[in-house]
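The values are calculated or read from the model by the stated rules, or taken from the named source; none is laboratory data. Model, not experiment: these values are computed from the prediction. Don't worry about glycine lacking a Cβ; one is built from the backbone with ideal geometry, like all the others, and counts go over all protein chains shown. To get the accessible areas, we keep the full protein, side chains included, count just its heavy atoms, and leave off ligands, DNA and RNA. Shrake-Rupley method; radii C 1.70, N 1.55, O 1.52, S 1.80 Å.
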Amino acid sequence: MFYKSWVLNFFRLGSPPKGEGSHGEIKFSVTFLIFYVYKITMKKNKFTIINSTAVPLPIKNIDTDQIIPAQFLKSINSQGFGDKLFFAWRKKPNFIFNDKKYSGKILVTGYNFGCGSSREHAVWALKDYGFDVIISSYFADIFKNNALNNRLLPV
């Protein structure tokens, strides 16, 4: 028997500071209290509290090829993909992941995150980079299922 459920108990986004950032950068913090139950027969894994700043990535329609390019899909082991996350975008010096002041376990993205091909490697890359929660207004169905199966919480 297989059950998945999550309850978002408390969520607060702080307002971004006004007048800061040269490229319309978004700065905010996220306070999260999440209860996540994942049962497969007798096994239980829980998220209880994640208190972290968030990394903003306000881009719509981020597909799995942008998350992890096909050239890195040679392994079936879920480790070692974090440094390849958003590989092409990280070559640009102004990409948010290259800025040391943005770090955290929560990624806030635009609409339709994880669209495109159904590669579980995209979730592996996000988890290996250190993300535990992805916030978006919409997730591609296959990406969402892959995320839940790999303990990456899509909210």
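If you count, for each residue, the other Cβ atoms within 10 Å and average over each peptide, how do 86-93, 135-142 line up from highest to lowest? Please list the in-between numbers first.
Numbers: 86-93: 13.1, 135-142: 17.5.
By packing density, highest mean first, the sequence is 135-142, 86-93.
Amide H of V108: which non-local residues (sequence gap of 5 or more, or other chain) have their own amide H closer than 5 Å, using H built in the peptide plane?
Correct list: V55, L57, I135.
As a test question: what accessible area, to the nearest 10 Å², does I96 have when a 1.4 Å probe is rolled over all protein chains in place?
30 Å²
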